[in-house]
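Chemist: Below you'll find the structure I mean.
Only the coordinates and a few stated rules stand behind these numbers; no lab work does. The shown structure was predicted, so the numbers you read here are calculated from the model rather than taken from an experiment. Neighbour counts are summed over all protein chains in view; Cβ atoms, including those assigned to glycine, are modelled from backbone coordinates with ideal geometry.
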Amino acid sequence: MTSHGEANVWSSFRLDPREPGNAGLRASDTDRAVVQQVLTEAYADGRLDREELDARTTTVGSARTLGELPPLLADLVAPASATPARLEARTPDELERQAVAKYHSDRREAVLGFLGPSLVCTAIWFFLGHDGGFWPGLVMVFTFINVLRVVVNRDDMVEKNRRQLLEPDDAESRELESRDRPDRPDRPDRTED
């Protein structure tokens, strides 16, 4: 839940655990899984060391109420409202920088998607013998097509990233609206006995 996901962390809960009225309610396995996902990603990013991850994971596993969850995320996720900062605060230069940074990330993923399988297949081919031709070449061709697609479509991808950076407010508000609607079929009404 890094990058775009941090703003969505709080909306991933069944009920917002930061709300005082929800703090005393029982946490579900899904709520605990949201926290665990953030902790795992923070550890992978190097924001938590192994000891901190283990301690917080133990606490998540024993958490009974929603109110016990936000303190575990306090230094990992912005505590402000679930909606992202207003886009008007972003300058065009900042939007361009973020769009280009996303493109560079996509390009890096495409190159790694080419190199990883190519090296693995070549190593398998080399160690199993060289019979039947160089079959890893097929893997290389198909994975290189993706690299080529990303490089050739740079301007289109940067523009698409820029548009996506401008749209989250609408998507967030639609998501929050749909969560609050009582007629959602995926969220049955619970009655208390």
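Chemist: Could you tell me the center-to-center distance, by alpha carbons, between the range 116-140 and the range 15-50 in angstrom?
Modeler: Cα centroid of the range 116-140 versus Cα centroid of the range 15-50: 43 Å apart.
Chemist: Expressed in nm to one decimal, what extension gain is obtained for the pair PHE126 and HIS104 from 0.36 nm per residue of sequence separation less their Cα-Cα distance?
Modeler: 4.7 nm
Chemist: Only counting other Cβ atoms within 10 Å, I'd like TYR43, TYR103 sorted with the fewest neighbours first.
Modeler: If I rank by nearby Cβ atoms, fewest first, I get TYR43, TYR103.
Chemist: Also: So if we plug the beta-carbon distance of ARG163 and ASN22 into 1/(1 + (r/R0)^6) with R0 = 30 Å, what FRET efficiency do we get, rounded to 0.05?
Modeler: That gives a FRET efficiency of 0.30.
Chemist: Work out, in µm²/s and without decimals, the Stokes-Einstein translational diffusion coefficient of the range 5-82 at 25 °C, 0.890 mPa s, Rh from Kirkwood over C-alpha pairs.
Modeler: 198 µm²/s
Chemist: Starting from the Cα gyration tensor of the range 87-168, take the square roots of the eigenvalues, sort them a ≥ b ≥ c, and report rounded, prolate or oblate (rounded when a/c is under 1.5, otherwise prolate if a/b is larger than b/c, else oblate).
Modeler: Working: a/c = 5.33, a/b = 3.64, b/c = 1.46.
Prolate, because a/c is 1.5 or more and a/b exceeds b/c.
Chemist: If R₀ is 25 angstrom, what is the calculated FRET efficiency for the pair ASP54 and ARG14, using the beta carbon separation as r and rounding to 0.05?
Modeler: Numbers: r = 26 Å, r/R0 = 1.04.
For ASP54 and ARG14, the calculated efficiency is 0.45.
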